[in-house]
Amino acid sequence: MLEDFRLKIFLKVAQTGSFTVAAKELGISQPAVSQSINNLEKTLGAQLLTRSRGLACLTAEGFAFREYAERILYWYSAADAMFGAEGRLTDNTRVRICADPVCAAYLLPETLSVICGARPKSGFSIITRDGLEEYVSNIFESGDASAKGRFGENTDADVQVSIFPSPETMDFEGESRLVGVLDAAVVASGLNRSATDAAQARLKPFSTLAGVHVSNRFALWKGYEAFLTPDLEARVAVVSSSVEAVKAMTEASDSLVGIVPEPSVRKELADGRLLRLPVQLPEFAYDIHFDPRPEFAGKTICQLLRDTLVSVIRYRENRI
């Protein structure tokens with residue numbers, strides 16, 4: 001197994017672009033950094049960095065390996081938090097999570113099952129709030145996602161897991177809360193012949209509007225209604241705040257095309273009950289925020305919950 005500290009040294013050199021600066025920030029000697037990088041490259045059989053006039057630059061292999069190094073270090077950290085002595089300090093503590101219905105239904109179950117499987121003494125309470133229409137309209141009317149549209153106040157829970165429309169720009173505070181993006185998926189039933197052809201890329205170019213054949217109309221999750229352009233709005237047949245209802249209607253129809261949050265259909269896509277169409281809707285994206293109370297933010301269980309949620313969002317399909 002690759003040594004933890006060698007990866008830290010490699011990532012620090014990649015970040016700073018300097019063996020000398022990396023050594024200073026890590027509190028070790030420059031020769032120790034050079035030796036560690038040389039050993040790592042020898043182990044991998046690949047040159048990760050080029051050295052020139054005091055500068056260190058990633059090679060193509062270095063760029064590829066950096067992503068693996070970051071993931072490996074994450075899992076080292078997660079394992080320590082789950083199984084190490086520090087992680088046991090919060091055993092028997094119940095964590096209250098206030099979450100929007102989509103995160104509560106499609107992201108938190110796997111997140112909490114991973115934590116509870118490793119730490120069976122951990123306890124969680126999930127609070128959800130109905131009224132998606134009020135929640136979304138508050139955000140768009142106020143123009144300030146931080147001011148309105150919360151699922152409860154901070155005093156109601158230890159941490160909030162919420163979704164807000166992805167802004168064109170983001171301030172530092174917003175970035176610090178961001179843990180992922182909730183993308184939209186455009187799906188259809190195998191009964192839908194035009195959608196089947198599109199999913200199998202037999203129609204090029206599509207005789208379509210927004211990548212979907214004009215014979216099809218849309219079943220839409222309520223959260224996307226505010227993003228509709230006039231041409232798409234004219235083709236919407238059904239709008240529902242229930243993701244499950246939209247999926248069920250789409251699966252049973254030979255003409256409806258569903259637009260739903262991507263995590264909600266992973267199981268149906270995997271078993272073939274729904275087909276994903278080759279359509280991108282980046283303007284339909286929501287940012288996923290993890291917003292802990294200040295007194296909860298410093299606890300090990302908070303970082304473990306955040307890191308595990310990030311791994312579920314980011315690495316579910318490509319885990320190491």
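The values are calculated or read from the model by the stated rules, or taken from the named source; none is laboratory data. All values reported here derive from a predicted model rather than from experimental measurement. Here the Cβ is made from the backbone with ideal geometry for all residues, glycine too, and neighbour counts use every protein chain on show. Just the protein is used for accessible areas: all its heavy atoms, side chains included, with ligands, DNA and RNA removed. Shrake-Rupley method; radii C 1.70, N 1.55, O 1.52, S 1.80 Å.
Quick one: is Phe10 under 30 Å from the mean Cα position of the chain (by Cα), modelled with pLDDT of 90 or more and closer than 27 Å to Ile313 by Cα?
Yes; evaluated as a whole, the condition is true for this residue.
Just to be sure before I move on: is Ser241 within 16 Å of Tyr106 (Cα to Cα), at pLDDT 85 or above, touching a helix residue (DSSP H, G or I) at 6+ places or on another chain (Cβ under 7 Å) and open to solvent by 20 Å² or more (accessible area, probe 1.4 Å) in the structure I sent?
Details: within 16 Å of Tyr106 (Cα to Cα): yes; at pLDDT 85 or above: yes; touching a helix residue (DSSP H, G or I) at 6+ places or on another chain (Cβ under 7 Å): yes; open to solvent by 20 Å² or more (accessible area, probe 1.4 Å): yes.
Answer is yes for this residue.
Residue selection: Thr50 fails the criterion of being among the β-branched types (Val, Ile, Thr), exposed (fewer than 13 other Cβ atoms within 10 Å of the Cβ) and either assigned to a helix (DSSP H, G or I) or within 28 Å of the chain's Cα centre (by Cα) (or both).
For Thr308, the criteria (1) among the hydroxyl-bearing types (Ser, Thr, Tyr); (2) within 21 Å of the chain's Cα centre (by Cα); (3) at pLDDT 90 or above hold in every case but one, which is (3). A single member of Ala219, Ala248, Ala252 is open to solvent by 10 Å² or more (accessible area, probe 1.4 Å), more than 29 Å from Val114 (Cβ to Cβ), at pLDDT 90 or above and of a type outside the set (Val, Ile, Thr), and it is Ala252. Residue-level analysis places Asp197 outside the set of residues that are at pLDDT 50 or above and open to solvent by 50 Å² or more (accessible area, probe 1.4 Å). Listed by first and then second residue, the pairs with beta-carbon distance under 6 Å, at least 6 apart or on different chains, first residue in the range 250-266 and free of Cβ contacts under 8 Å to residues at least 40 places away in the same chain and in a helix (DSSP H, G or I), second buried (at least 23 other Cβ atoms within 10 Å of the Cβ) and of a type in the set (Asp, Glu), form an empty list. Exactly one residue out of Leu309, Leu304, Leu277 is out of contact with any Asp or Glu (no Cβ under 6 Å at 6 or more places or on another chain), touching a residue at least 40 places away in the same chain (Cβ under 8 Å) and more than 27 Å from Ala157 (Cα to Cα), and it is Leu277.
Could you grab me the full set of residues in the range 270-284 that are of a type outside the set (Asp, Glu), under 18 Å from Tyr106 (Cα atoms) and open to solvent by 50 Å² or more (accessible area, probe 1.4 Å)?
Taking the range 270-284 as the starting set, the residues that turn out to be of a type outside the set (Asp, Glu) are 270, 272-282, 284.
Filter again for under 18 Å from Tyr106 (Cα atoms), leaving 270, 273-274, 276, 284.
Correct list: Ala270, Arg273, Arg276.
Total residues in the range 11-47 satisfying the condition of being open to solvent by less than 20 Å² (accessible area, probe 1.4 Å), touching a residue at least 40 places away in the same chain (Cβ under 8 Å) and not hydrophobic (A, V, I, L, M, F, W, C): the figure is 1.
With respect to Glu25, is the statement that it is at pLDDT below 90, among the acidic types (Asp, Glu) and either assigned to a helix (DSSP H, G or I) or within 26 Å of Leu178 (Cβ to Cβ) (or both) true?
On the way: at pLDDT below 90: yes; among the acidic types (Asp, Glu): yes; either assigned to a helix (DSSP H, G or I) or within 26 Å of Leu178 (Cβ to Cβ) (or both): yes.
Yes.
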